[in-house]
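J.: Quick one: the structure is below, questions incoming.
The values are calculated or read from the model by the stated rules, or taken from the named source; none is laboratory data. Small disclaimer: the values here were computed from a predicted structure and weren't measured. Cβ atoms come from the backbone with ideal geometry, glycine included; neighbour counts cover every protein chain shown. Just the protein is used for accessible areas: all its heavy atoms, side chains included, with ligands, DNA and RNA removed. Shrake-Rupley method; radii C 1.70, N 1.55, O 1.52, S 1.80 Å.
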Amino acid sequence: MIVVTTPTGQIGSQVVQSLLAANEAVRVIARDPSRLPADIHARVEIVQGSSDDQGVLMCALKGAESLFLVVPPSFTTNDAMDYYLQFTRPVCRAIQSQGVKRVVAVSAVGRRVALPAGVVTASLAKDMEIERTGVDFRALWCPGFMENMLRNLNSLKQQGTFVGPNKPDLKAPYVATRDIAASGAKLLLDRSWKGQGGLAVFGPEDLSCNDMAAIMTEVLGKPIRFQSVPGEAYKAQLIKFGASEAFAQSLVEMHAAKNQGLYNSEPRTPENTTPTSFRQWCEEVLKPAFLAHD
């Protein structure tokens, strides 16, 4: 039995599909089971509730071999570290109590550097908390998600721009959620690994924001440019669109660390290079969403 959190999310939903395709027994923790597709609903065990609820976790992990963990994002949290540990500590108690053998968790690049990095620092603290239980553990060390570009559909469509506090020419890895899910499912299906560590999930190439703008220009058939803005202006924009002050500040810290090489701190290898290019992702995901966006 493999337990999957956030089964309706971008990553968790794809992990569930991969595990079912491999004929694995899957149990999911879902706040709202009605959001599960009908074909998935009929093929998995469902424990309704939140993955930060001790009772829900104890029920979901009973008799389970492995856990796939994603801390769901919160744009309104008042403390990123407390938020991540709010999910992690009940998980740690439950995996120890129920004898779970393996945990695979979505995390972030940055374990090798000592930079304050907002939500990345909080995610890495989650990993260390899990490791202290002694469970066999793999973190999926992720850079920026390609899917984050979907948040810019309005500005891409109306102004032909996307903005951020990034250095325009700094090259860094980006990854599609399909590749994160594939890497996670592969680890869950492999019962041979032991110990603790992580696997970076890097996509096939490093790109700058200017590189991404050039690719989107070609794929979307519309001139796209990147506009670098100061961190405080970016923070104000996030708050305007509903983020808490604390969460917005944590993203500013993450981008400041990225500008200092956070996402380049882990060496690229054949094992952590994944197949989906930004151009392919734009053709298959961004372009249809762009054309449909009013």
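J.: Give me the pairs: first residue in segment 16-39 and free of Cβ contacts under 8 Å to residues at least 12 places away in the same chain and open to solvent by less than 10 Å² (accessible area, probe 1.4 Å), second residue assigned to a helix (DSSP H, G or I) and not aliphatic (A, V, I, L, M), beta-carbon distance under 8 Å, and six or more apart or on different chains, which are they?
T.: Within 8 Å, no pair qualifies.
J.: Looking at segment 132-154, is at least one residue open to solvent by 10 Å² or more (accessible area, probe 1.4 Å) and touching a His at 6+ places or on another chain (Cβ under 9 Å)?
T.: Yes, segment 132-154 contains a residue that is open to solvent by 10 Å² or more (accessible area, probe 1.4 Å) and touching a His at 6+ places or on another chain (Cβ under 9 Å).
J.: Between residues in segment 216-236 that are under 15 Å from Glu283 (Cα atoms) and residues that are surrounded by 14 or more Cβ atoms within 10 Å (Cβ to Cβ) and among the acidic types (Asp, Glu), which pairs lie under 9 Å by C-beta distance while being six or more apart or on different chains?
T.: Within 9 Å, the pairs are Val219/Glu283.
J.: Looking at Leu251, Leu262, Leu220, which one is more than 18 Å from the chain's Cα centre (by Cα) and either open to solvent by less than 30 Å² (accessible area, probe 1.4 Å) or charged (D, E, K, R) (or both)?
T.: Checking each option against the conditions leaves just Leu220.
J.: Would you mind finding the one in Ser50, Ser74 that is among the hydroxyl-bearing types (Ser, Thr, Tyr), surrounded by fewer than 20 Cβ atoms within 10 Å (Cβ to Cβ), touching a residue at least 12 places away in the same chain (Cβ under 8 Å) and within 19 Å of Thr177 (Cα to Cα)? Outline the logic, then answer.
T.: Details: Ser50 fails: within 19 Å of Thr177 (Cα to Cα).
From the options Ser50, Ser74, the qualifying one is Ser74.
J.: Out of Ser107, Ser123, which single residue is within 13 Å of the chain's Cα centre (by Cα), assigned to a helix (DSSP H, G or I), touching a residue at least 24 places away in the same chain (Cβ under 8 Å) and under 28 Å from Lys62 (Cα atoms)?
T.: Working: Ser107 fails: assigned to a helix (DSSP H, G or I).
Unique residue meeting the criteria: Ser123.
J.: Continuing with the same structure: Report whether or not Val104 is open to solvent by less than 20 Å² (accessible area, probe 1.4 Å), at pLDDT below 95 and touching a strand residue (DSSP E or B) at 6+ places or on another chain (Cβ under 7 Å). Explain how you work it out, then say what you get.
T.: Numbers: open to solvent by less than 20 Å² (accessible area, probe 1.4 Å): yes; at pLDDT below 95: no; touching a strand residue (DSSP E or B) at 6+ places or on another chain (Cβ under 7 Å): yes.
Spelling it out, it is not the case that Val104 is open to solvent by less than 20 Å² (accessible area, probe 1.4 Å), at pLDDT below 95 and touching a strand residue (DSSP E or B) at 6+ places or on another chain (Cβ under 7 Å).
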